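A.B. asks: Have a look at this one.
Laboratory data are not the source of any read-out in this text; all were calculated from the coordinates shown. All values derive from a computational prediction rather than experimental measurement. Ideal geometry is used to build each Cβ from the backbone, glycine not excepted, and the neighbour counts take in all protein chains shown.
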Amino acid sequence: MTILVESFANYRQITLNRPERLNALTVEMATALSAALDEAAADDTCRALLLTGAGRGFCAGQDLTAIVDAKPADLGHLLDHYHPLILKLRALPIPVVCAVNGVAAGAGANLALACDIVLAARSASFVEAFARIGLIPDCGGTWFLPRLIGTARARALAMLAEPLSAEIAAEWGLIWQAVEDDRLMAEAQALAARLATQATMALALTKRALDAAATNPLDRQLDLERDLQAEAGASPDHREGVRAFLDKRPPVFTGRPR
Ligand code: T3D
């Protein structure tokens with residue numbers, strides 16, 4: 001199986017599972033991952049996702065053995081599978097934590113950047129490897145990089161294709177945190193479990209607002225915040241959050257819209 005899915009209380013862990021190829025992406029893996037995202041989104045009890053990789057790598061990007069004989073401009077795998085996967089991941093109405101356990105290269109790096117909160121093992125690295133093989137960063141690389149770290153660093157990473165350590169990635173704001181290797185999964189699981197107890201609908205609306213902010217002018221963004229806040233404000237979790245604050249107790253969120 002190219003991915004493994006495990007269910008925990010209120011969240012699921014998806015593990016990319018081709019360790020002998022550093023979890024390099026194939027159409028089969030992308031199809032399985034896409035189906036796992038759909039299943040997670042359809043399950044009301046699943047309120048967060050954790051994505052990681054088996055073995056010593058997170059994901060080495062496109063499996064190059066699968067495209068070595070591809071016809072020029074044959075981008076079917078990208079257009080029909082990888083790019084829709086990035087959009088689906090981004091639009092998922094639950095928070096997605098990524099635990100980067102080792103090297104994240106090419107499409108694998110950008111798959112990680114598409115997640116909401118990225119933790120990486122201190123020994124992990126990020127490589128926008130595309131330039132090494134005469135390609136441009138795809139799977140959202142040219143969108144995520146400048147937004148996360150600014151154009152100067154984005155251009156250098158994309159054009160030099162040098163590995164960036166987890167520590168510098170965190171220092172630059174490419175990811176949330178670098179953690180000790182032997183703490184990675186415990187920390188990532190604790191984060192996913194914590195997010196799974198939060199006001200899920202408000203988190204989903206927050207994701208939408210933050211993504212729209214990348215292209216909206218301020219006035220349109222304020223209008224969007226008004227509309228999304230109206231939805232969040234009508235949720236039982238908002239009422240519970242306020243009540244819990246006034247009662248001086250921790251809130252018990254259901255994540256349900258009503
Ligand atoms: O047309 C299109 O397809 C457009 C879409 C593009 C999307 C992309 O992602 S393009 C970028 C593709 N990825 C790469 O170019 C990265 C290639 N891999 C590497 O540069 C290195 O493997 C790493 C820097 C990621 C890690 O290096 P290292 O030294 O830790 O490991 P290694 O020894 O190179 O790799 C271990 C094994 O995994 C090795 O197999 P072997 O020799 O033990 O049988 C290696 O061949 C295999 N492997 C690593 N990456 C890939 C791969 N096999 C197939 N595809 C890979 N991407």
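A.B. asks: Take residue 221, project a point 7 Å from its Cα along the Cβ direction, then tell me which residues of segment 95-127 have their backbone nitrogen under 20 Å from it.
C.D. replies: 114-117
A.B. asks: What is the list of residues in segment 218-245 whose amide nitrogen lies under 17 Å from a point 7 angstrom out from the Cα of residue 212, following Cα to Cβ?
C.D. replies: 218-235
A.B. asks: Translational D (Stokes-Einstein, µm²/s) of the chain at 10 °C and 1.306 mPa s when Rh comes from the Kirkwood sum over C-alpha pairs?
C.D. replies: Estimated via Stokes-Einstein, D reaches 83 µm²/s.
A.B. asks: With θ set to phi - 60° and the Karplus curve 6.51 cos²θ - 1.76 cosθ + 1.60, what are the ³J(HN,Hα) couplings of segment 49-66 in order, to the nearest whole Hz, using x for Gly and Pro?
C.D. replies: Taking θ as phi minus 60°, the curve returns 10, 10, 10, 8, x, 7, x, 8, x, 7, 6, 8, x, 3, 5, 6, 5, 7 Hz for segment 49-66.
A.B. asks: Once amide H atoms are built 1.01 Å from N in the peptide plane, which residues 5 or more positions from residue 50, or in another chain, come under 5 Å H to H?
C.D. replies: Under 5 Å from the amide H of residue 50 lie the amide H atoms of 12, 13, 14, 97, each far enough along the sequence or on another chain.
A.B. asks: If neighbour count is taken as other Cβ atoms inside 10 Å, put 94, 117 in order from fewest to most.
C.D. replies: Arranged by neighbour count, lowest to highest, 94, 117 become 117, 94.
A.B. asks: Would you order 5, 252, 118 from fewest to most other beta-carbon atoms within 10 Å of each residue's own beta-carbon?
C.D. replies: 252, 5, 118
A.B. asks: I would also like to ask the following. Taking a virtual spin label 7 Å from the Cα of residue 4 along the C-beta vector, which residues in segment 106-147 bring their backbone nitrogen under 16 Å of it?
C.D. replies: From segment 106-147, the list is empty.
A.B. asks: Summing -39500 (n - 2.57) over the DSSP H runs of n ≥ 4 in the chain and dividing by its residue number, what mean residue ellipticity at 222 nm do you reach, to the nearest 500 deg cm²/dmol?
C.D. replies: -13000 deg cm²/dmol
A.B. asks: Which far-off residues, 5 or more places away or on another chain, put their amide H under 5 Å from the one on residue 18, with H placed in the peptide plane?
C.D. replies: For residue 18, the qualifying residues are 23, 54.
A.B. asks: According to the square roots a ≥ b ≥ c of the eigenvalues of the Cα gyration tensor, what is the shape class of segment 192-258, taking rounded for a/c under 1.5, prolate for a/b larger than b/c otherwise, and oblate for the remainder?
C.D. replies: Prolate.
A.B. asks: Run the numbers on the chain and let me know its relative contact order in percent, using alpha-carbon pairs under 8 Å that are six or more apart.
C.D. replies: 17
A.B. asks: Please list the non-local residues whose amide H lies under 5 Å from the amide H of residue 178, H modeled 1.01 Å from N, same-chain partners needing a gap of 5 or more.
C.D. replies: 120
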